[in-house]
Amino acid sequence: MIPFVDLKREYRLIERKIWQVFDRVLRRQHFILGEEGVAFERSFSGYLGVRYAIGVNSGSDALYLAFKALGVGEGDEVITVSHTFISTVDAITRNGAIPVFVDIDPQTYTIDVTKIEEKLTKKTKAILPIHLYGQPADMGTIRMIAKRHKLKVVEDACQAHGALWGGKRVGSLGDIAAFSFYPPKNLGGYGDGGMMVTNNISLATSARILRNYGQKDKYLSNTRGVNSRLDEIQAAVLLVKLKYLDQWNAMRRKHAALYENLLCDIDGLELPHEAPHTKSVYHLYVVRSRYRDLLREYLLQHGVETGIHYPVPAHLQPAYKNLGYRKGSLPITEQYAHEIISLPIYPELSEREIRYVSKLIHRFFSSHKRR
Ligand SMILES: *Cc1c(COP(=O)(O)O)cnc(C)c1O
């Protein structure tokens, strides 16, 4: 049996270090906004090459508060994609703003930058690119468009800790960015967690106030904020795990290269394309086939779990019906939702397991063609 994710394998490697930091935090009995959080914010911003990092409760809150810090709200429009995790869209609508969906690039599955400008209106305030599956969006063009039209750029880097665009880490390329530390992410805690990062001091200051009830000084709220903080236990775990991030990402890239090598000659199976000047961190390894559902069933019958990220695009979700999109609004997004399948790719996966998954896929396609 090859599970789609298996965090137990990672835990076995770091168990002793984790118990050391648990001990440290538990003895201190200081759980909210303490020294672990400060140390992790400093380490993570240093790793990314940004000035400020602000820990929060989740990636969803990081996105939500990023827009709030920017002052994007009621009636403002935000350009983004529908091919993403729903939380991206929720962060916009929770602020009263309106997501305006652009289709994805057929090769990279990130925002199709050639279709952004036709969607701009007087109400457009920001662009929200998602570095989906660990693949950086085309930040060069996005930044150029943003500059030309005076728009803000918020990066959704929730799947892309450590990914590179033009030699720089994603998260350092827009006005503000959001990361998630949901356990199976490339850098994950032992519960929910997230972070905003920015080089802009006034955004950082606002973000810091917003996550703590809107208080700058204790019990005085000049702004309406929320309670969304990264707790000390999560920060301590993440401090340990950050040291392994590059090594783990390198393993993911190695696995992706092996899959590529083993699967590239299959007709009717589309493999991931890495865009030029980028380095993906393969949060997911997503392939595409017209026979997706059959393939998925076949793999499961042979003990291999897979995922679909994501089966229903945001613009077709019942909860977002009021946005006014219909089937056919975003052709590539809709087609791909029926064809994508995510194969296991965590760092601890063995070469033997990848060869086994690949052999099954070969077998599936050779028998399927004959039918
Ligand atoms: C995980 C994720 C989020 C939300 O992060 P949470 O920590 O689960 O709230 C947002 N956007 C994308 C693309 C994600 O993958």
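The table below gives the values:
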{"read-out": "R0 of 22 Å, Cβ-Cβ distance Leu300-Leu164: FRET efficiency to nearest 0.05", "value": "0.05"}
{"read-out": "Ile116, Ile130 arranged by Cβ crowding within 10 Å, fewest neighbours leading", "value": "Ile116, Ile130"}
{"read-out": "Residues Phe44, Phe4 arranged by fewest to most Cβ contacts within 10 Å", "value": "Phe4, Phe44"}
{"read-out": "Protection-proxy order for peptides 185-191, 61-67, 78-84, each taking the mean of Cβ atoms within 10 Å per residue, highest first", "value": "61-67, 78-84, 185-191"}
{"read-out": "Stretch gain in nm, segment His149-Thr205, where the contour uses 0.36 nm per residue and the Cα spacing is subtracted", "value": "17.6 nm"}
{"read-out": "Over 26 Å (Cα to Cα) - which of Lys68/Lys150; Lys147/Lys185; Lys241/Lys279; Lys147/Lys216 fall in this group", "value": "Lys147/Lys185; Lys147/Lys216"}
{"read-out": "Residue-span extension gain [Thr223 to Asn261] - 0.36 nm each, minus C-alpha spacing", "value": "8.3 nm"}
{"read-out": "Helical contribution to [θ] at 222 nm, DSSP H n ≥ 4, -39,500 (n - 2.57), averaged over the chain, rounded to 500", "value": "-12000 deg cm²/dmol"}
{"read-out": "Computed over the chain: relative contact order in percent, which uses C-alpha pairs under 8 Å that are six or more apart", "value": "21"}
{"read-out": "Largest-first principal axis extents of the Cα set of the chain (Å)", "value": "71, 55, 37"}
{"read-out": "The range 68-118: C-alpha gyration tensor shape, a/c 1.5 cut-off, then a/b vs b/c", "value": "prolate"}
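Quick note: the coordinates plus some simple rules give every number you see, no bench work behind them. What you see is a predicted model, and the numbers here were worked out from it, not measured in a lab. Every residue, glycine among them, receives a Cβ derived from its backbone with ideal geometry; neighbour counts consider all protein chains shown.
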